[in-house]
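The values are calculated or read from the model by the stated rules, or taken from the named source; none is laboratory data. Quantities reported herein were computed from a predicted structural model and do not represent experimental measurements. Cβ atoms come from the backbone with ideal geometry, glycine included; neighbour counts cover every protein chain shown.
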Amino acid sequence: MSAVRLFHCENARSFRPLWALEELRIPYDLTMLPFPPRIKAPDFLEVNPLGTVPFLVTEDAAMTESVAICQYLVSRFGPTDLAVDPADPAYAAWLNALHFGEATLTFPQALVLRYGVLEPEERRAPQVVEDYRRWFRGRLKLLDRILEQADFVAANRFTIADISVGYALMLARIIGLGEALSLLASQYLDRLSERPGFHRALAAQAAPSSIAV
């Protein structure tokens, strides 16, 4: 049994900490759950009352937020180039990009997915879906501006900020918003997807360890 345990649904936000774990090469146990787990795996509510993923457990932590978990991992198991030191001039840009990936780029997609796919037919809301499709497209402009100047979103190297933003772009392709990505954003995601850590994370979620909730 490893000191780190991650509860994960395939391609959910929990892919961020899974990817970070693989980049850091930290031993971990992976528990795969059906989506949404609070409905399809009700016993999980005894582990995490929110019934959401990610849920990360270590000897001194129990965490539910994907970006916060990534930040915790690089702080707890570093030092690592996946983080940026607060004394580094690139720190502010890194911290902003780290949270931009979730708060700005993933939030609108969650509404598109919920009200366009997951809700029963009678509860779907086409106008909400269209509004947040446009929201997502508009918010990509900042990413394009960053990528015009650099290959990564901060510090001129791959960091967990790229995991945060990269997952949001990955999700866009999965749920049918890939056409909103500019050529720069698409090429950026393609580069991230070539990383061995990314491929290991994909393999891990495809063939998870068998651990009871």
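For this structure, a couple of remarks:
- Residue in segment 161-169 that is at pLDDT 95 or above, of a type in the set (D, E, K, R), assigned by TED's automatic domain parsing to the domain that holds Val112 and surrounded by 21 or more Cβ atoms within 10 Å (Cβ to Cβ) present: yes
- Residues in segment 143-161 that are among the charged types (D, E, K, R) and over 17 Å from Pro196 (Cα atoms): Asp144, Arg145, Glu148, Asp151.
- Unmet criterion (only one of (1) within 13 Å of the chain's Cα centre (by Cα); (2) in contact (Cβ under 8 Å) with a residue 24 or more places away in the chain) for Thr64: (2)
- Residues satisfying the stated conditions in segment 132-171, i.e. in a loop (DSSP other than H, G, I, E, B) and over 12 Å from Ala185 (Cα atoms): Gln149, Ala154, Ala155, Asn156, Arg157, Phe158, Thr159
- Number of the exception - Asn48 against (1) more than 27 Å from Leu189 (Cα to Cα); (2) touching a helix residue (DSSP H, G or I) at 6+ places or on another chain (Cβ under 8 Å); (3) touching a residue at least 12 places away in the same chain (Cβ under 8 Å): (2)
- When residues of segment 42-54 are limited to those that are assigned to a loop (DSSP other than H, G, I, E, B) and not aliphatic (A, V, I, L, M), the one surrounded by the most Cβ atoms within 10 Å (Cβ to Cβ): Pro54
- Meets criteria (charged (D, E, K, R), within 17 Å of the chain's Cα centre (by Cα) and assigned to a helix (DSSP H, G or I)) for Asp190: yes
- In this structure, Val129 does not qualify as assigned to a helix (DSSP H, G or I), β-branched (Val, Ile, Thr) and exposed (fewer than 14 other Cβ atoms within 10 Å of the Cβ).
- Long-range neighbours under 6 Å by Cβ, at least six apart or interchain, first residue more than 20 Å from Ile160 (Cβ to Cβ) within segment 181-207, second assigned to a helix (DSSP H, G or I): Ser182/Asp144; Leu184/Asp144; Leu184/Leu147
- Hits in segment 27-57 - residues which are over 20 Å from Val67 (Cα atoms) and of a type in the set (Asp, Glu): Asp43, Glu46
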